[in-house]
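K.L.:
The structure is given below, and queries will be raised subsequently.
The values are calculated or read from the model by the stated rules, or taken from the named source; none is laboratory data. Remember, it's a predicted structure, so these values are computed and weren't measured experimentally. Cβ placement follows ideal geometry from the backbone for every residue including glycine, while neighbour counts extend to all protein chains displayed.
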């Protein structure tokens, strides 16, 4: 029997040399940047070393992955397919290392936390204090971004855990989207007005009050903008909200209110920072049930550190009880 055939008579392909992780990292960087100098900087190697790694990968696989010209780098058809597989392999290796670290010692290593801008200034002091006191060996890295960017970063493996607004009626596990959420608390929205406004100081506003107000909103992309518009729709407002004036952050938004350009909705946790030290501002609260939002943690479905994150969520619920919120178990 030929040495190229198994005992079942099926021809065996001679074993190829296996690609290395460094070769896959080099090629994945080139496939993303389509530029050798930028890819070399991203991976942290010299450009000749990067080129050598990609050439070695092409040789080991026996296919041409890149089409090089004097001006640009283009993926070949085979390169496009291999690039997708290379990213899957690298992601899987990252998850393997993450799972091993979590199993070896929970609450150690690095935790990359993403936070939305309408939570970061008001909740991070509590989060940072909890992590510092309970988990001193945990290295916390914080990124403040809008919701869509955070979710993209979570699913791409750039972030590990998110602190953001979650739909109150959403299932804890959203497997179809690859994200699992754990609720922390609900908080009411409060109407912020100029000091001399006719609604200033009211504590029993019906939601229908929002129908005729000049409501100021954050810029497009902020989840708080979408939440405020939803509250207006629930109040029966059908004419939309004028977009002539908006703001990139809550601090600017309240300054517009103080200047008499309109009123706005703020989450209650932000009031101490944004309004209480400004004599030109006042607040008014809604009658029960007041419009509200839910804040929670989000992680990748099936995350290796799921149990660790659940313990952190429990600790955050307790730590946030002194805030004007309603913890959700």
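K.L.:
Just name the residue that is modelled with the highest pLDDT out of those in segment 239-250 that are surrounded by fewer than 17 Cβ atoms within 10 Å (Cβ to Cβ) and over 22 Å from the mean Cα position of the chain (by Cα).
P.N.:
That would be 245.
K.L.:
Let me ask something else about it. With the structure loaded, tell me whether residue 308 is in a loop (DSSP other than H, G, I, E, B), under 30 Å from residue 154 (Cβ atoms) and touching a strand residue (DSSP E or B) at 6+ places or on another chain (Cβ under 9 Å) or whether it fails that test.
P.N.:
no
K.L.:
Return a yes/no flag: does segment 279-288 have any residue that is under 17 Å from residue 115 (Cβ atoms) and touching a strand residue (DSSP E or B) at 6+ places or on another chain (Cβ under 9 Å).
P.N.:
No.
K.L.:
Filter segment 17-35 for residues that are in contact with a helix residue (DSSP H, G or I) (Cβ under 6 Å, 6 or more places away or on another chain) and outside any helix (DSSP H, G or I) and give the result.
P.N.:
17, 19
K.L.:
If you don't mind, there's one more thing I want to ask. Could you tell me which residue of segment 222-238 is modelled with the highest pLDDT, considering only residues that are surrounded by fewer than 16 Cβ atoms within 10 Å (Cβ to Cβ) and in contact with a helix residue (DSSP H, G or I) (Cβ under 7 Å, 6 or more places away or on another chain)?
P.N.:
234
K.L.:
Now for a different question. Of the residues 53, 120, only one is within 22 Å of residue 157 (Cβ to Cβ), modelled with pLDDT of 90 or more and over 29 Å from the mean Cα position of the chain (by Cα); which?
P.N.:
53
K.L.:
Any idea which residue in segment 212-221 is surrounded by the fewest Cβ atoms within 10 Å (Cβ to Cβ), counting only those that are closer than 19 Å to residue 261 by Cβ and touching a helix residue (DSSP H, G or I) at 6+ places or on another chain (Cβ under 8 Å)?
P.N.:
Once the filter is applied, the top-ranked residue is 219.
K.L.:
From the list 131, 142, which one is closer than 30 Å to residue 276 by Cα, at pLDDT 90 or above and not in a helix (DSSP H, G or I)?
P.N.:
142
K.L.:
For the structure I just gave you, tell me whether residue 253 is modelled with pLDDT of 90 or more and not in a loop (DSSP other than H, G, I, E, B).
P.N.:
yes
K.L.:
Would you confirm, using the coordinates I've provided, whether residue 303 is buried (at least 19 other Cβ atoms within 10 Å of the Cβ), touching a residue at least 24 places away in the same chain (Cβ under 8 Å) and under 30 Å from residue 94 (Cα atoms)?
P.N.:
yes
K.L.:
Please find, within segment 58-110, the residue that is surrounded by the most Cβ atoms within 10 Å (Cβ to Cβ) out of those that are part of a loop (DSSP other than H, G, I, E, B), in contact (Cβ under 8 Å) with a residue 12 or more places away in the chain and over 31 Å from the mean Cα position of the chain (by Cα).
P.N.:
For segment 58-110, the residue satisfying everything is 65.
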